[in-house]
Amino acid sequence: MKKSFIPVTGSFIDGVAADIPGNNWTKRIWKKELAEQKAMGIDTLVIIRVGFKDSCMYDSPVLRTPLHGSYDLLEFILSEADELEMKVFMGLYDSCSYWLRNDWQGEVDLNKRLMDELLRRYRHHRSFYGWDISHEGGIK
């Protein structure tokens, strides 16, 4: 039996998790990594989430998180993806608190405001394809 391989054309990336090197990458490293992914056939990037707990990929007036980089990492990734002709989908915000308090509606409402902010700031990018609410709910 001959096996055929399905090429991988998408990749998850994360710019806000405290436990991975990507959280501390420079623009030069991000640029190199994105170019390498494109060279391997990746044409779709899925950002796991733009905000997590007290961190965000940019200084968001909606989220008001105290931790973000010195530059707008989301703008940088979208600009690079424009040049590389890649698509970018992004997970929204996960506070790690609303859902634990069974206030999922509060987090959904916050993410709706975040969607409006993302559209205002980034819709001019050809690479901006959409978002998802990145929660994993649990049942007690």
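Bear in mind that the values in this text are calculations on the coordinates, not laboratory data. Here the structure is a predicted model, which is why all the values come from computation and not from measurement. Note that we place each Cβ from the backbone using ideal geometry, even for glycine, and neighbour counts take in every protein chain shown.
The table for this structure:
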{"read-out": "5 angstrom amide H check on Gly91, placed H, neighbours 5+ away", "value": "Ile47, Ile48, Arg49, Val50, Asp132"}
{"read-out": "Dipole magnitude of segment 62-140 about its Cα centre (Cβ charges: Lys, Arg +1; Asp, Glu -1), debye to nearest 20", "value": "280"}
{"read-out": "Over 27 Å (Cα to Cα) - which of Lys87/Lys112; Lys31/Lys112; Lys32/Lys112; Lys3/Lys31 fall in this group", "value": "Lys31/Lys112; Lys32/Lys112; Lys3/Lys31"}
{"read-out": "The chain: angle of helix 27-39 to the longest principal axis, Cα-based, in degrees nearest 10", "value": "50"}
{"read-out": "Hz values of 3J(HN,Hα) by residue in segment 101-106 - Karplus curve (6.51, -1.76, 1.60), Gly and Pro given as x", "value": "8, 6, 10, 4, 5, x"}
{"read-out": "Pairs of alpha carbons in segment 4-122 whose separation is greater than 16 Å (percent)", "value": "62"}
{"read-out": "Rounded to 5, the percent of DSSP beta bridges in the chain classed as antiparallel", "value": "10"}
